[in-house]
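Asker: Okay, handing you the structure first.
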There are 2 protein chains.
Amino acid sequence: MSRHGQAAPPSFACERGDHAECMRDALAKAEQVSAARGLRLTRLRRRVLELIWASHTPVKAYDLLEQLRQEHANAAPPTVYRALDFLVQEGFVHRIESLNAYIGCDIPERDHQGQFLICESCGEAAELSNPEIEAALLETARTLGFRLESSLVELKGRCARCRQSQSA
Amino acid sequence: MSRHGQAAPPSFACERGDHAECMRDALAKAEQVSAARGLRLTRLRRRVLELIWASHTPVKAYDLLEQLRQEHANAAPPTVYRALDFLVQEGFVHRIESLNAYIGCDIPERDHQGQFLICESCGEAAELSNPEIEAALLETARTLGFRLESSLVELKGRCARCRQSQSA
DNA sequence: TTTGAAATGTTATAATATTACATTTAGAGC
DNA sequence: GCTCTAAATGTAATATTATAACATTTCAAA
């Protein structure tokens with residue numbers, strides 16, 4: 001039986017079904033990628049990454065700040081925003097523009113921008129990487145003479161689990 | 001010769017090439033759609049829509065506020081945000097999430113959410129409506145058991161005109 | 001012509017993010 | 001191990017974006 005209870009399907013955002021493991025892997029990968037790139041994944045940056053990975057729900061900067069302050073009295077907005085800048089820059093987290101929030105990425109080694117599915121009921125978000133979507137975006141840009149530099153795809157709705165448990 | 005000068009291609013955001021006409025049409029359509037829906041397109045709302053249509057560059061709320069204040073001394077943030085809420089709600093403008101800015105929509109009669117191409121060089125944005133992109137998004141959601149409620153696509157890069165005029 | 005709902009006015013404040021400059025820290029080269 | 005420097009972090013202030021809450025005005029239907 002999964003931690004989600006009896007018949008409910010698992011979180012759509014957590015493929016393994018075991019989030020602790022998922023988080024451990026993400027942090028290990030971040031260490032590994034940082035070492036490979038010669039980056040300094042400092043205590044602070046690592047801690048922010050950990051706080052973000054604590055759930056599959058995108059986290060807001062000031063919520064991170066509040067959590068950081070529990071253990072780090074002099075944390076201030078720049079403390080958090082700098083860590084986020086680093087983590088986003090290196091692909092360890094993505095920013096969800098429509099929520100002003102951040103979520104961990106489990107494939108930082110691949111240079112990409114996320115496409116997200118966000119459940120408006122449980123708040124979880126999952127990253128997609130659908131080659132068809134990407135192809136359609138590239139083709140559209142090309143047709144219009146546009147040189148594509150970045151793309152943002154954020155889809156909202158209700159996930160299977162929420163639809164099932166809430167009769168819709 | 002277009003208003004864009006000698007050999008330059010026209011603005012990718014302004015299909016007609018005559019923005020005055022484009023803006024006139026948009027306002028006329030807004031009047032028409034409002035009448036059909038029994039909405040009150042008040043002077044204030046209409047004026048905000050006009051200010052947004054003044055360019056194909058997404059406009060920020062506080063820039064609109066500053067402009068409004070020239071002619072309307074007691075304009076305040078809620079003045080602008082309420083007008084924007086109305087205009088977005090009715091589809092007369094779209095919000096560009098990645099820019100915290102707003103841009104006019106010329107097809108308010110069609111219920112949809114925009115897909116945008118945004119030139120990072122000239123700042124102009126154009127709405128797309130590529131059925132392939134939409135199909136890929138819907139299919140992805142369906143596959144994952146997701147009930148899609150809204151979708152957001154914002155593509156950034158450099159438009160043909162900017163690439164040409166700036167040697168890249 | 002009343003009257004009630006919608007729109008707008010007004011003040012205050014919340015939420016998100018950045019600037020600018022000071023200080024500390026970690027690691028490269030000695 | 002030291003020293004120097006660049007990167008990271010500390011700190012204070014402030015900019016930007018958005019909303020809450022309540023008062024007043026306006027418009028059109030009854």
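No lab work stands behind these numbers, since they all come straight from the coordinates. It should be emphasised that the depicted structure is a prediction, and the values quoted were computed from it without experimental measurement. Virtual Cβ from ideal backbone geometry, glycine too; neighbours counted across all protein chains shown.
Asker: Note the distances from B:ALA135 to each other copy's matching label point, with points 7 Å along the Cα-to-beta-carbon direction, in nm, sorted shortest first.
Answerer: Copy-to-copy label distances at B:ALA135, shortest first: 1.1 nm.
Asker: Once you've got the GNM for chain B with C-alpha springs shorter than 10 Å, pick whichever of B:ILE133, B:ILE96, B:ILE107 has the biggest mean-square fluctuation.
Answerer: So, out of B:ILE133, B:ILE96, B:ILE107, the one fluctuating most is B:ILE133.
Asker: Write down, largest first, the equivalent ellipsoid semi-axes of the protein assembly as shown in whole Å, where each equals the square root of 5 times an eigenvalue of the alpha-carbon gyration tensor.
Answerer: That gives 38, 24, 22 Å for the three semi-axes.
Asker: How many lysine pairs in the protein assembly as shown, separated by 8 or more positions in sequence or lying on different chains, have Cα atoms less than 27 Å apart?
Answerer: 8
Asker: Pull up all non-local amide H partners of B:PHE116: gap of 5 or more, or a different chain, and H-to-H distance under 5 Å with H placed in the peptide plane.
Answerer: B:LEU128, B:VAL153, B:GLU154, B:LEU155
Asker: Under 5 Å between amide H atoms, partner at least 5 residues away or on a different chain: which partners does B:ALA101 have, H built in plane at 1.01 Å?
Answerer: Those qualifying (amide H under 5 Å, at least 5 residues apart or on another chain) are B:ILE96.
Asker: In addition: What base-10 log of the normalised intensity I(q)/I(0) is obtained for segment A:14-109 from the Debye formula, alpha carbons as equal point scatterers, at q = 0.11, 0.13, 0.15 Å⁻¹?
Answerer: With no solvent term, the Cα-only Debye profile gives -0.29, -0.40, -0.54.
Asker: Extending each Cα 7 Å along its Cβ direction at B:SER150 and B:TYR81, get the distance between those two points in nm, one decimal.
Answerer: With each label placed 7 Å out from Cα toward Cβ, I get 1.6 nm.
Asker: To the nearest 0.05, what FRET efficiency results for B:ARG110 and A:GLU21 with a Förster distance of 41 Å applied to their C-beta separation?
Answerer: Calculated transfer efficiency: 0.35.
Asker: If the only charges are +1 at each Lys and Arg Cβ and -1 at each Asp and Glu Cβ, what is the size of the charge dipole of segment B:19-165 around the Cα centre, to the nearest 20 debye?
Answerer: Roughly 340 debye, rounded to the nearest 20.
Asker: Turning to a different aspect of this structure: Set the Förster distance to 56 Å, then compute FRET efficiency between A:GLN32 and B:ALA35 from the Cβ-Cβ distance, nearest 0.05.
Answerer: Step by step, r from the Cβ atoms, then E = 0.35.
Asker: What is the magnitude of the charge dipole of segment A:112-168 about its Cα centre, with +1 placed on the Cβ of each Lys and Arg, -1 on the Cβ of each Asp and Glu, and no other charges, expressed in debye to the nearest 20?
Answerer: 200 debye
Asker: Further, regarding this structure: For chain A, what size does the Cα cloud have along each of its three principal axes, sorted from largest down, in whole Å?
Answerer: 51, 45, 27
Asker: For B:ARG82, place a label point 7 Å out from Cα along the Cα→Cβ vector, do the same in each other copy, and report the separations in nm, one decimal, smallest first.
Answerer: 4.3
Asker: Report, as an integer, the average count of C-beta atoms from other chains found within 10 Å of each Cβ along B:131-140.
Answerer: For this peptide, the per-residue mean of nearby foreign Cβ atoms is 5.
Asker: At B:ALA35, label 7 Å along Cα→Cβ: distances to the other copies, nm, ascending?
Answerer: 7.2
Asker: Sticking with this one: With the Cα gyration tensor of segment B:129-168 in hand, convert its eigenvalues to equivalent ellipsoid semi-axes via √(5λ) and list them largest first in whole Å.
Answerer: Result for segment B:129-168: semi-axes of 33, 9, 8 Å.
Asker: Which of these, A:GLY114, A:GLY104, A:GLY157, has the largest mean-square fluctuation under a Gaussian network model of chain A (Cα springs below 10 Å)?
Answerer: In this elastic network of chain A, the residue with the biggest mean-square fluctuation among A:GLY114, A:GLY104, A:GLY157 is A:GLY157.
Asker: Right, here's the next one. In debye, nearest 20, what is the charge dipole magnitude of the protein assembly as shown about its Cα centre with +1 on Lys and Arg Cβ and -1 on Asp and Glu Cβ, if you could check?
Answerer: The dipole of the protein assembly as shown has a size of about 640 debye.
Asker: Please return the longest range in chain A lying between exposed loop sites, taking trypsin sites (Lys or Arg not before Pro), DSSP loop only, at most 12 other beta-carbon atoms within 10 Å, and leaving the sites out.
Answerer: A:41-109
Asker: Can you show me the helix-derived [θ] at 222 nm for chain B, built from DSSP H runs with n ≥ 4 at -39,500 (n - 2.57) apiece and divided by the number of residues, rounded to the nearest 500.
Answerer: One gets -13500 deg cm²/dmol as the mean residue ellipticity at 222 nm.
Asker: Please work out the FRET efficiency for the pair B:GLU50 and A:ARG69, using the Cβ-Cβ distance as r and a Förster radius of 35 Å; give the result to the nearest 0.05.
Answerer: So the FRET efficiency works out to roughly 0.15.
Asker: Let me ask something additional. For Cα pairs less than 8 Å apart in space and 6+ apart in sequence, what is the mean separation divided by the residue count of segment B:19-165, i.e. the relative contact order in percent?
Answerer: It rounds to 20 percent for segment B:19-165.
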